[in-house]
Amino acid sequence: MAELGSKGVTAGKIASNVQKKLTRAQEKVLQKLGKADETKDEQFEQCVQNFNKQLSEGTRLQKDLRTYLASVKAMHEASKKLTECLQEVYEPDWPGRDDTNKIAENNDLLWTDFHQKLVDQALLTMDTYLGQFPDIKSRIAKRGRKLVDYDSARHHFEALQTAKKKDETKIAKAEEELVKAQKVFEEMNVDLQEELPSLWNSRVGFYVNTFQSIAGLEENFHKEMSKLNQNLHDVLLGLDKQYSGNAFPVKAQPSDSTPAKANKSPSPPPDGSPITSPETKTVNHELEPSTLEAPGASIPKSPSQSSLPAVVVETFPATVNGTVEGGASSERADMPPGFLFKVQAMHDYTATDSDELQLKAGDVVLVIPFENPEEQDEGWLMGVKESDWIQRKELDQCRGVFPENFTERVQ
């Protein structure tokens, strides 16, 4: 019997819920058709809009914060592998071996601490902040349903009152249902009217605290990391001093991001001089004194050859695809690696690509070979301005290509 009674209660509750849903659906249809008025609260609707915006912004912030944390973790792993590599290549008899191990250990601890504090002070706070939204969102939806119930009860009561044939019993019951529906709705409405503005205003303090925490943690992390990097720098400096006689010169390699100037011809100079192309040739002239002293001689001499006897064999290595063909190497200590010869700009040249040299008439350029001969195009040379080289600028930063026909060779 108890089981039958329980089933009866359950069935009755289900039937009541179904009836409520039908009544609400009917009320909404009538409201949309304009056959029934709808209780409006513009102030509350504005609060709901603010709530939805706040939830959307918070959800996005949470997502981006998780992405940031994943990036920190990835950087930690990359940094850890890099320090492990240093430990492997750092030989046991080198000075500072123990220091590098300690630096690597502290580096790992610093990254771990940074990540954990971001989780504790930012992500968990973010999760707590967003944790209150689902309940409020559910209550807003429930308030909407109770408002429909209130409107439905109000319309039903009004319809019974205006009916031609009045039934006082039904009117009394309808009034009772109206009072009950109004009370339930107003209780929920009052609570939300207080909570939503307060929640909206809380976002400012939350954003301030969250980003202040992240900024503070980043600042401390980079300060400590800077100290470790300085320590590592000092250790490596000591190693360099001990083995300074075994310095290894590193030649700069062309960047993969620098596009080759395929099939590009240099522009003619401003005076309309014909475009000249570098030719593959080796010039070996056995010169007589009269030839060397003849005015207008077309073969220039290098400074090192000006004091040679009158009869010499003067060899000028020709360049083929940026390499020296024939003759001795012209590389000197005071010149860039692979120095070939000097040219002087006869006209201004405006660079059109990041890998080109900007030239002014009179600029002296030290010509050097291309790292990859296949990148040299006809009519173009690779070089570095003599003024930049004298200032000891990095070769990678100041070298570039330029049209040969804008220049002429100098001794």
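Some values worked out for this structure:
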quantity: Gain on full stretching of the segment that runs from V48 to D240 - 0.36 nm per residue minus C-alpha separation; calculated: 62.5 nm
quantity: Efficiency of FRET between N372 and R145 - r from beta-carbon atoms, R0 60 angstrom, step 0.05; calculated: 0.25
quantity: Of K40/K137; K81/K223; K142/K164, those spanning more than 24 Å from alpha-carbon to alpha-carbon; calculated: K142/K164
quantity: Rounded percent of accessible protein surface that carbon and sulfur make up, the range 125-205, 1.4 Å probe; calculated: 52
quantity: Packing rank of 111-117, 383-389, where each peptide gets the mean count of other beta carbons within 10 Å, highest leading; calculated: 383-389, 111-117
quantity: Extension gain (nm, one decimal) between K40 and R60, 0.36 nm per residue minus Cα-Cα; calculated: 4.1 nm
quantity: Per residue accessible area in Å² of the range 51-203, where ligands, DNA and RNA are left out and the probe is 1.4 Å; calculated: 62
quantity: Stretch gain in nm, segment I390-L86, where the contour uses 0.36 nm per residue and the Cα spacing is subtracted; calculated: 106.0 nm
quantity: Two-site FRET efficiency, E224 against L69, from Cβ-Cβ distance with R₀ of 22 Å, rounded to 0.05; calculated: 0.70
quantity: Highest to lowest packing among 68-74, 176-182, scored as the average C-beta count within 10 Å; calculated: 176-182, 68-74
quantity: Packing-based order for 49-57, 341-349, using average beta carbon neighbours within 10 Å, highest first; calculated: 341-349, 49-57
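The values are calculated or read from the model by the stated rules, or taken from the named source; none is laboratory data. Worth saying up front: this structure is predicted, and the values here are computed from it rather than measured. Backbone-built Cβ (ideal geometry, glycine too); neighbour counts: all protein chains shown. For the accessible areas, the whole protein counts, side chains as well, though only heavy atoms, and no ligand, DNA or RNA atoms are used. Shrake-Rupley method; radii C 1.70, N 1.55, O 1.52, S 1.80 Å.
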